[in-house]
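Accompanying notes for the structure given below.
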Amino acid sequence: MICLVLSGKTLSENLGYIKQYRSYIQIVELRADFLDDSEFTLINRFPEMTDLPVILTIRKREDGGHWRGREKARIEAFQLAASSRLRRFSFMDLEEALPSFEWEKDWIREGGRIIRSFHDFNGVPMDLAARLENLPRVSGEIPKAAVTPLNTADLLNLLRTTEAYSREDKIVLGMGDIGIPTRILSRRLGSFLTFCSPSGISAAPGHINPESMEKIYHFSKIDNKTRLFGIIGNPVMHTLSPGLHNRGYELLKTNCLYIPFQIDDPDEFLKWAVDFGFEGFSVTVPHKERVIPLLRMMDESVKAVLSCNTLIRSGSGWSGHNTDIAGFLSPLQALWGVDGFKGRSAIVLGAGGAARAVVHALASRGVAVTIYNRTSKKAEDLAALFNCRWGRLDDGRGMEYADLIVQTTILGMFPVDNEEPVSDYIFSSGQIAYDLIYTPEETLFLSRARLSGCRIINGMEMLVQQGKAQFLLFTGRDYPEDTVSS
Ligand code: ATR
């Protein structure tokens, strides 16, 4: 179930959120600790205002809430809610520290349920399994743990414990960006519900809004047959790849899911992922080189550019591929044709990891490449590997004769978005200017090139095309056309 967390200041504001997300949610949590004082006195009327089951939560500040009143008043509010004569709350969230109250028995007999919760905003307890086991005070209580994975080891502890915990009902989730997969995978992990917040007002770190949970991750369709894929990186939550891949699965009506994982230890993570049944991953910064020693097999492009952006499950390990190269070439191929590379000339600005893939891609298609870099030694080393020419960035001789200029440095991207590597260069109108950066859509480099009449290509096309090539490797099917990535 998707549970919408209602953290409005008034009941009517909360009803507005229910209306907005009604088609995506099955249950709501009234966070009464967020309500204005005058509204708090009206909470027992709230269950009658919606047809959905409602959880009553009055969270104290030390547990991550906003309740500023006395503890006695908080307990009385729960008791009053339990004895209300109106349509009642279906669940109440009582923290671990609270005792089992006398009124709880009657409340449960009449169909109410208690969620018994604990929160850890600083990490994941090593003894999470025992903590969960000991949470319920009386039978029928649903144990809930909201903890904060700070690294891959924490995340794996959380995932393994959640999966192994065999009580019928439980709610276990990881807060923050690292914990997001536990929210998306909650059906597979056997959690009773997952919490979501309205867009832009997250009640807890890591909440996704219900519409994204359903539209991007197809939450209600996830089951034990869902084939699992994902992306590993750090940071990774801003990535557009889940939108692209999950949309493709939806259009092909194939039961697959693609999840972002913010990971600092790919080795340990990939072992868990084999056990859990993941079949493939996209790999992004900073792991493209780090995963190479972990591979059982790798294709020629990974060997050539020492960078792996795609993992495919191979037995109990992983094979490595690089679709960045095909992604980079794709927009050029659309312009020049498959056979139109040979005999052309290109300038590559920069000599880092991205430049290495670009130089390999172009040189292997017969393009004459010259590398210009700020640090000439790096340009020289890269040029030696692929048998091409090189120079210093501030030299830039012969640039006007190139068919193509590729920008691979970080200049043009925040926080150096008002810079470019070749600010003195005057473009010739027949040239193609290609920038690997995709935010902003048009860097200073590209906008100057466009004003000079050049054809421009930004990094978004490469990103989408490398993703589509991964989609084919993951599913064995071409990415469905006529779609927009979201
Ligand atoms: P990536 O994997 O994205 O290519 P990288 O390997 O760190 O990242 O390479 C960064 C590239 O941007 C390098 O070519 C770097 O030039 P140096 O080799 O001289 O470091 C280039 N770069 C970074 N900051 C730059 C700047 N301020 N001016 C010019 N080039 C810069």
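The values are calculated or read from the model by the stated rules, or taken from the named source; none is laboratory data. Please read these numbers as outputs of a predicted model, since none were measured by experiment. Reconstructed Cβ throughout: ideal geometry from the backbone, glycine too, with neighbour counts over all protein chains shown.
Worth a mention:
- Residue match in region 246-261 (condition: closer than 15 Å to Pro181 by Cβ, touching a residue at least 40 places away in the same chain (Cβ under 8 Å) and either surrounded by fewer than 18 Cβ atoms within 10 Å (Cβ to Cβ) or among the small types (Gly, Ala, Ser) (or both)): no
- Considering the conditions (1) within 15 Å of the ligand (Cβ to nearest atom); (2) free of Cβ contacts under 8 Å to residues at least 60 places away in the same chain; (3) out of contact with any strand residue (DSSP E or B) (no Cβ under 7 Å at 6 or more places or on another chain), Met462 is excluded by exactly one of them, (2).
- Restricting the first member to region 411-423 and to residues that are at negative phi and away from the ligand (no atom under 11 Å from the Cβ), and the second to residues that are modelled with pLDDT of 95 or more and of a type in the set (S, T, N, Q), the beta-carbon pairs closer than 8 Å and six or more apart or on different chains are Asp417/Thr443.
- Region 284-308, subset among the aliphatic types (A, V, I, L, M) and under 10 Å from Trp318 (Cβ atoms), residue nearest to the ligand (Cβ to nearest atom): Val291
- Region 424-452, subset over 13 Å from Ile347 (Cβ atoms) and assigned to a helix (DSSP H, G or I), residue nearest to the ligand (Cβ to nearest atom): Leu444
- Which listed residue is within 16 Å of the ligand (Cβ to nearest atom) and either part of a loop (DSSP other than H, G, I, E, B) or out of contact with any Asp or Glu (no Cβ under 8 Å at 6 or more places or on another chain) (or both), from Pro198, Pro260, Pro242, Pro235: Pro235
- Within region 385-430, tally of residues that are touching a strand residue (DSSP E or B) at 6+ places or on another chain (Cβ under 6 Å), closer than 18 Å to Gly343 by Cα and not hydrophobic (A, V, I, L, M, F, W, C): 2
- Residue in region 467-486 that is in contact with a Phe, Trp or Tyr (Cβ under 8 Å, 6 or more places away or on another chain), modelled with pLDDT of 95 or more and within 16 Å of the ligand (Cβ to nearest atom) present: no
- Test: residue in region 435-449 that is under 20 Å from Ala368 (Cα atoms) and free of Cβ contacts under 8 Å to residues at least 60 places away in the same chain: yes
- In region 397-410, the residue that is farthest from the chain's Cα centre (by Cα) out of those that are within 12 Å of the ligand (Cβ to nearest atom) and either farther than 15 Å from Val358 by Cα or of a type in the set (Val, Ile, Thr) (or both) is Val406.
- Identity of the residue in region 62-81, at pLDDT below 95 and assigned to a helix (DSSP H, G or I), that ends up nearest to Glu29 (Cα to Cα): Asp63
- Among the residues of region 41-62, those identified as surrounded by fewer than 19 Cβ atoms within 10 Å (Cβ to Cβ), touching a residue at least 12 places away in the same chain (Cβ under 8 Å) and among the charged types (D, E, K, R) are Arg45, Glu48, Lys60.
- Residue in region 337-352 that is nearest to the ligand (Cβ to nearest atom), counting only those that are within 12 Å of Val367 (Cα to Cα) and not in a loop (DSSP other than H, G, I, E, B): Val348
- Qualifying residue in region 169-186 (condition: in a helix (DSSP H, G or I) and surrounded by fewer than 20 Cβ atoms within 10 Å (Cβ to Cβ)): yes
- Total residues in region 334-373 satisfying the condition of being within 17 Å of Ile457 (Cβ to Cβ) and among the hydroxyl-bearing types (Ser, Thr, Tyr): the figure is 1.
- Scan of region 370-394 for residues that are in a loop (DSSP other than H, G, I, E, B) and within 13 Å of the ligand (Cβ to nearest atom), ordered by number: Arg374, Thr375, Leu393, Asp394
- Taken as a whole, region 353-369 holds no residue that is touching a residue at least 12 places away in the same chain (Cβ under 8 Å), more than 17 Å from Ile325 (Cβ to Cβ) and within 15 Å of the ligand (Cβ to nearest atom).
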